[in-house]
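Shown next, in structure tokens, is the structure this report addresses.
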Amino acid sequence: MARRQEIAVRRAKVSDAGKIATFVNRARRGRQEIDGQAVIARFGSVGFLLAERDGNLVGILGWQIENLVARVTDLLIGPTIERVAVGRALLSEMERAATELQCEATLLFLPRPSPTDLVEFCETFGYVPEVVASLPRAWREAAYEVQIGDDEVVLVKRLRATRVLRPL
């Protein structure tokens with residue numbers, strides 16, 4: 001019996017655009033499909049991490065960093081019994097890179113309205129629902145950029161014990 005490989009996470013390359021489009025289209029089932037060009041265009045504003053097992057794409061995470069805040073705008077995990085392992089691998093790699101870049105926190109933006117099971121899934125990894133109005137200014141501004149208002153909730157994970165109050 002062949003042994004399954006571990007989940008490997010790597011940064012996406014432009015050459016992965018077709019593979020990403022196929023993965024997203026399979027998950028969207030019947031909604032308007034995207035093509036490799038749409039993925040390439042998205043690379044202009046979002047970096048992607050890919051989770052693979054045995055050479056097959058099992059998850060993607062799109063993220064960006066600005067003002068010491070990491071923002072997860074895309075998180076898609078394929079149908080697998082290992083959802084938690086795939087989610088942990090993707091989020092851990094993103095958090096590691098964000099910490100290296102001195103980020104204070106990660107904001108995780110879910111589809112609205114967010115299904116309860118999706119919120120609970122993200123809480124498994126230490127993300128906590130917080131009202132946008134209660135967040136520090138830079139974090140609020142990150143939420144505003146994706147059209148989330150003061151009275152709405154976003155999932156937050158603090159990456160540093162203290163905030164950066166003057167330039168690094």
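The values are calculated or read from the model by the stated rules, or taken from the named source; none is laboratory data. Predicted model only: the values in this text are computed from it and were never measured. Cβ: placed from backbone, ideal geometry, glycine included. Neighbour counts: every protein chain shown.
Flag: LEU75 does not match the condition of being in contact with a Cys (Cβ under 7 Å, 6 or more places away or on another chain) and either at pLDDT 95 or above or closer than 30 Å to GLU104 by Cβ (or both).
Among the residues of the stretch 28-56, those identified as in contact with a Gly (Cβ under 7 Å, 6 or more places away or on another chain) and either under 15 Å from PRO79 (Cβ atoms) or assigned to a loop (DSSP other than H, G, I, E, B) (or both) are VAL46, ALA51. Of all residue pairs spaced 6 or more apart or on separate chains, those with beta-carbon atoms under 6 Å, a first member in the stretch 128-155 that is more than 20 Å from LEU118 (Cα to Cα) and a second member that is among the basic types (Lys, Arg) are ALA142/ARG71.
Considering only residues that are exposed (fewer than 13 other Cβ atoms within 10 Å of the Cβ) and under 17 Å from the mean Cα position of the chain (by Cα), look in the stretch 4-26 and name the one that is farthest from PRO79 (Cα to Cα).
Residue satisfying both the conditions and the ranking: LYS13.
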